[in-house]
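A short write-up of the structure that comes next.
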Amino acid sequence: MKISDIRIDYSLKSLDLNDVLPSPIEQFKIWLNEAIQAKVLEVNAMNLATVKEDGRPNSRIVLLKGVDSGLVFFTNYSSTKGIELEKNPYVSVTFFWAELERQVRIMGKVSKIKGEESDEYFFSRPFSSQIGAWVSPQSEAIEDREFLEKRDVALREKFDPDTIKRPMHWGGFRIDVSEVEFWQGRPSRLHDRILYTQTANGHWEKKRLAP
């Protein structure tokens, strides 16, 4: 089969302007919970797009770890994404839940969360993941996998679950949301799209977009 011949006619659900909540964060929580209940694979995986220094986009999959006033994720602050976010804090993230024929696009500005918040999440992780945050000089070129394996052994000798600390180069970001689009697949490619945009006074406006 040719790639150009691959197509799916979406028909599971619909999305109406009158049915969505006034707040896109609250609407997102509903959709996220429905995706969790539907046992969507990697339900909290989101494509995070940052901007390189030369203005070109750069994207990768990261995991959503919290939803409060914004969206929270964690990373190595010294990684490529961490450095790009320091220089340009504006981001776009996309969730695609194929099982529900849904997509959510979210745009906003990131800021680092408080150290105590990063500590709380760090110490909730398995010890192997805590060690991993120390082991990997994320995004740097390394000679081979043996480099990582040796560091892993050395750091396991240095730390145990009672003595390990969160590395200062690792922590969370919160996305302060300014624009959200909910997309529901529909038959004949006449999809439903609802866009929320935040106004200058902090209120939310919503409108239907053509597919």
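No value in this document is a laboratory result; all are computed from the given coordinates. In this text the structure is predicted, and so the values were computed from the model without any measurement. All Cβ positions, glycine included, derive from the backbone under ideal geometry; neighbour counts span all protein chains shown.
Only counting other Cβ atoms within 10 Å, I'd like Asp160, Asp5, Asp176 sorted with the fewest neighbours first.
Working: Asp160 9, Asp5 6, Asp176 13.
Least to most surrounded, the residues fall as Asp5, Asp160, Asp176.
Where Lys and Arg each count +1 and Asp and Glu each count -1, what net charge lies around Arg151 among other residues with Cβ under 15 Å from its Cβ?
Details: positive: Arg145, Lys150, Arg156, Lys158; negative: Glu140, Glu143, Asp144, Glu146, Glu149, Asp152, Glu157.
Overall, the nearby charge balance is -3.
Mind checking the dipole of the chain: about its Cα centre, +1 per Lys or Arg Cβ, -1 per Asp or Glu Cβ, Debye to the nearest 20?
Details: 31 positive and 32 negative charges, 97 e Å.
Dipole size: approximately 460 debye.
³J(HN,Hα) across the stretch 99-110 via Karplus (A = 6.51, B = -1.76, C = 1.60, θ = phi - 60°), whole Hz, x for Gly/Pro?
Going residue by residue, I get 4, 10, 6, 10, 9, 10, 10, 10, 10, x, 10, 9 Hz, with x marking Gly and Pro.
Placing +1 on the Cβ of each Lys and Arg and -1 on the Cβ of each Asp and Glu in the chain, which of Ile61, Ala210, Val153 has its Cα farthest towards the positive end of the resulting dipole?
Ala210
Going by C-beta contacts inside 10 Å, put Lys206, Lys114, Lys65 in order with the fewest on the left.
Values: Lys206 17, Lys114 11, Lys65 14.
With the fewest neighbours first, Lys206, Lys114, Lys65 line up as Lys114, Lys65, Lys206.
Just add up the charged neighbours of Val110: K/R +1, D/E -1, any other residue whose Cβ is under 11 Å from the Cβ of Val110.
+1
Going by alpha carbons, how many degrees (0 to 90, nearest 10) lie between the helix axis of 145-158 and the longest principal axis of the chain?
Helix 145-158 sits at roughly 70 degrees to that axis.
In whole angstrom, how long is each semi-axis of the equivalent ellipsoid of the chain, when you take the square root of 5 times every eigenvalue of its Cα gyration tensor and sort them from largest down? Each step should come with its number before you reach the end.
On the way: eigenvalues 250, 83, 60 Å².
Sorted largest first and rounded, they come to 35, 20, 17 Å.
Quote the charge dipole size of the stretch 135-201 about the Cα centre in Debye, to the nearest 20; the model charges only the Cβ of Lys and Arg (+1) and of Asp and Glu (-1). Spell out each step's value before the answer.
Working: 11 positive and 13 negative charges, 60 e Å.
So the magnitude is around 280 debye.
Give, as a single signed number, the net charge of other residues whose beta carbon lies under 13 Å from the beta carbon of Thr163, with Lys and Arg counted +1 and Asp and Glu -1.
The answer is +1.
Within 10 Å of each residue's Cβ, count the other Cβ atoms and sort Ser78, Ser124 from fewest upward.
Values: Ser78 16, Ser124 10.
Least crowded to most crowded, the residues run Ser124, Ser78.
Between Leu155 and Glu179, what is the spin-label point distance in nm, taking each point 7 Å from the Cα along the Cα→C-beta axis?
Calculated label separation equals 3.7 nm.
Distance from a point 7 Å along Cα→Cβ of Leu17 to each backbone N in the stretch 178-206: keep the residues under 11 Å and list them by number.
Output list for this probe position: 194-195, 206.
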